[in-house]
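Accompanying notes for the structure given below.
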Amino acid sequence: MNALPADTAEANALLRTVVLVGMMGAGKSTVGRRLAARLNVPFVDADTEIETAAGMTIPDIFERHGESEFRAGERRVIARLLEGPPKVLATGGGAYMDETTRAAIREHGVSVWLRADLEVLARRTARRNNRPLLAGGDPRGALERLLVVRNPVYALADLAVDSDDGPHESVVETIIGELGQRGVLRS
Ligand code: S3P
């Protein structure tokens, strides 16, 4: 059998699911999609899976069933996704706040906090109005209050990578370098 070229997925296999955590607007889906393409593994967005499972959008879930129902669905969906083969999994900004979800991620995956400051998050989230937690009159204030509570919890993640205004490709490269150093990529 011929030797595989050095840059094939086989030569660079992902051993654990990479779970992207961090605030709304941190770039989890964009970075996640590119990271998955580079590693040649599936990309899965937990929010999209929740919407598919519920048959409605996240704003509708919040409106009709409330946030706690949404969180219960989020916990179930992420637990299921962590059971499968290694992939890149983007989670909604509140998912990692849940202790059960954090434990499942610790068991099955490697967590990566995409860290961004308030300015960047406020600018990126202003582009869309699909986030119930920012739907009040003061989205920037809401982001600021969430950051205070959430940043110490995101800091529990295995890796933290800054996701500021630089090119997404450099965030992807940084993550790949860190995964290699931690033995999560078999080379
Ligand atoms: C949420 C973030 C959203 C989505 C829901 C709640 C949060 O996902 O799960 O609106 O609590 O921060 P993104 O982080 O992908 O925007």
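The values are calculated or read from the model by the stated rules, or taken from the named source; none is laboratory data. It should be emphasised that the depicted structure is a prediction, and the values quoted were computed from it without experimental measurement. Methodologically, a virtual Cβ is constructed for each residue, glycine included, from the backbone with ideal geometry; neighbour enumeration extends over all protein chains shown. SASA here: full protein model, heavy atoms, side chains in, ligands and nucleic acids out. Shrake-Rupley method; radii C 1.70, N 1.55, O 1.52, S 1.80 Å.
Values for this structure:
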| read-out | value |
| --- | --- |
| Residue among Ala26, Ala157, Ala103 with the largest mean-square fluctuation in a Gaussian network model of the chain, springs linking Cα atoms under 10 Å | Ala103 |
| Simple Cβ-charge dipole of the chain, Lys/Arg +1 and Asp/Glu -1, about Cα centre, in debye nearest 20 | 100 |
| Set of the range 147-187 residues, backbone N closer than 19 Å to the point 7 Å along the Cα-Cβ line of Glu107 | 157-158 |
| ³J(HN,Hα) computed for each position of the range 137-154 - Karplus, 6.51 cos²θ - 1.76 cosθ + 1.60, integer Hz, glycine/proline x | x, 10, x, 5, x, 5, 4, 4, 5, 5, 4, 4, 6, 8, 4, x, 7, 4 |
| Per residue Cα convex hull volume in Å³ - calculated over the chain | 118 |
| Rounded to 5, the percent of DSSP beta bridges in the chain classed as antiparallel | 10 |
| Placed amide H near Arg115: partners under 5 Å, 5+ positions off or other chain | Val161, Asp162, Ser163 |
| Apportionment of accessible area to carbon and sulfur, the range 15-176, percent (1.4 Å) | 50 |
| Estimated D of the range 39-148 in µm² per second, where Rh is the Kirkwood radius over Cα pairs and Stokes-Einstein applies at 25 °C, 0.890 mPa s | 163 |
| The range 15-176 - accessible surface per residue (Å², probe 1.4 Å) | 49 |
| Relative contact order %, the range 15-176, counting alpha carbon pairs below 8 Å whose residues are six or more apart | 35 |
| Virtual paramagnetic centre 7 Å along Cα→Cβ of Arg80, amide N under 17 Å, in the range 89-103 | 89-92, 101 |
| Ordering of 134-141, 38-45 by burial proxy (mean other Cβ atoms within 10 Å per residue, highest first) | 38-45, 134-141 |
| Met97/Ala13 FRET efficiency (R0 30 Å; Cβ-Cβ; nearest 0.05) | 0.45 |
| Within the range 135-187: Cβ-based charge dipole about Cα centre, in debye rounded to nearest 20 (Lys, Arg +1; Asp, Glu -1) | 300 |
